[in-house]
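Presented below is the structure to which this report refers.
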Amino acid sequence: MSVTLLALAGSARQDSLNKRLVRAAADSAERAGAHVTFVDLNDYPLPIYHGDLEAEQGVPEASRPLRKLLREHDGLLIASPEYNGFVTPLLVNTLDWLSRKDGDESGLALFGGKYGVLMSASPGPMGGIRSLASARQFLGNLGVTLLPGQLAVPQAHQAFDERGALKDEGLQARLDSLTQTLVKTLSALKP
Ligand SMILES: Cc1cc2nc3c(=O)[nH]c(=O)nc-3n(C[C@H](O)[C@H](O)[C@H](O)COP(=O)(O)O)c2cc1C
């Protein structure tokens with residue numbers, strides 16, 4: 001049975017550079033033998049987490065299909081923009097809702113045992129690299145084991161070719177190496 005990965009970006013923007021990056025990672029992981037599901041967070045609009053809302057209504061209905069996807073996949077490919085040095089509120093809010101209990105199901109149990117790769121893309125010269133530390137801390141707190149390798153793509157508005165691959169061969173090779181390591185790790189762990 002092949003390794004299954006959920007690919008998502010911390011931006012809902014239609015022309016998101018991070019969606020492009022995570023799609024490139026998804027293509028790369030598929031070449032390495034994984035089955036990848038791309039999730040566009042634009043399709044799962046969730047309110048900002050509020051404890052009273054949760055107490056009155058439970059988790060939002062729109063979060064349930066995401067919970068199911070998380071339950072069904074072995075690992076995560078995540079690319080998030082950097083907002084003022086941090087991972088985006090969209091990513092935090094989405095994963096915060098997923099971390100909550102829904103009926104008898106623990107949210108944190110959905111993340112436990114998952115392995116993941118973190119990436120960022122920015123039109124700026126640093127590629128959003130500062131956000132990767134916050135992303136790593138956040139996902140780690142949720143129970144995800146992150147590979148030590150990561151990728152920040154600078155000048156990302158000029159970084160992709162018409163097929164969606166990274167134009168810079170060195171960056172594409174690093175992306176391929178990351179996805180291959182993730183697929184190999186998860187394959188070794190799969191029963
Ligand atoms: C509130 C805000 C803060 C930002 N802070 C940073 C930053 O710290 N570093 C950076 O490289 N880009 C920053 N940007 C620019 C984003 O990298 C840029 O908008 C990027 O295209 C967003 O990702 P997306 O294309 O996936 O939507 C910021 C953008 C916004 C809206």
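The values are calculated or read from the model by the stated rules, or taken from the named source; none is laboratory data. Predicted model, so just to flag it, every value in this text is computed and none were measured. Backbone-built Cβ (ideal geometry, glycine too); neighbour counts: all protein chains shown. Please note that ligands, DNA and RNA were not included when accessible areas were found on the heavy atoms of the full protein model with its side chains. Shrake-Rupley method; radii C 1.70, N 1.55, O 1.52, S 1.80 Å.
Observations on the model:
- Crossing angle, helix 169-189 versus the chain [Cα axis fit, 0-90 degrees, rounded to tens]: 50 degrees
- Accessible surface ranking that places the most exposed of LEU146, LEU76 first, with a 1.4 angstrom probe: LEU146, LEU76
- Residue-wise HN-Hα couplings along the stretch 160-168, as the Karplus relation 6.51 cos²θ - 1.76 cosθ + 1.60 with θ = phi - 60° gives them from phi, are 10, 8, 5, 8, x, 7, 6, 5, 6 Hz; Gly and Pro carry x.
- Where chymotrypsin sites (Phe, Trp or Tyr not before Pro) fall in DSSP loop in the stretch 1-95, at most 11 other Cβ within 10 Å: none
- Cβ-defined net charge surrounding THR179, 14 Å radius [Lys, Arg +1; Asp, Glu -1]: 0
- In terms of its C-alpha gyration tensor, the stretch 1-108 has an oblate overall shape, because the principal axis ratio a/c (a ≥ b ≥ c, square roots of the eigenvalues) is not below 1.5 and a/b does not outweigh b/c.
- Among LYS190, LYS114, the order of accessible area from largest down is LYS190, LYS114, computed with a 1.4 Å probe on protein heavy atoms.
- Taking other residues whose beta carbon is less than 14 angstrom from the beta carbon of SER2, and scoring Lys, Arg as +1 and Asp, Glu as -1, yields 0.
- Simple point charges give the picture: +1 on the Cβ of Lys and Arg, -1 on the Cβ of Asp and Glu, and for the stretch 4-189 a dipole about the Cα centre of about 420 debye.
- Per residue value of the accessible surface for the chain (all protein chains in place, 1.4 Å probe), Å²: 49 Å²
- Accessible surface of GLU82 - all protein chains present, 1.4 Å probe, nearest 10 Å²: 50 Å²
- Extension gain from GLN158 to SER2, taking 0.36 nm per residue of separation minus the Cα-Cα distance: 52.8 nm
- Under the shape rule built on the C-alpha gyration tensor, where the axes satisfy a ≥ b ≥ c, the chain is oblate, since a/c reaches at least 1.5 while a/b does not exceed b/c.
- Computed in the context of the full set of protein chains, the accessible area of the stretch 1-74 at 1.4 Å probe radius has 49% of its extent on carbon or sulfur.
- Computed with a 1.4 Å probe over protein heavy atoms only, the accessible area of SER106 comes to about 50 Å².
- Positive dipole terminus of the chain, leading residue within ALA188, SER122, HIS73 (C-beta point charges): ALA188
- DSSP-loop GluC sites (Glu not before Pro) across the stretch 3-58, with at most 13 other Cβ within 10 angstrom: none
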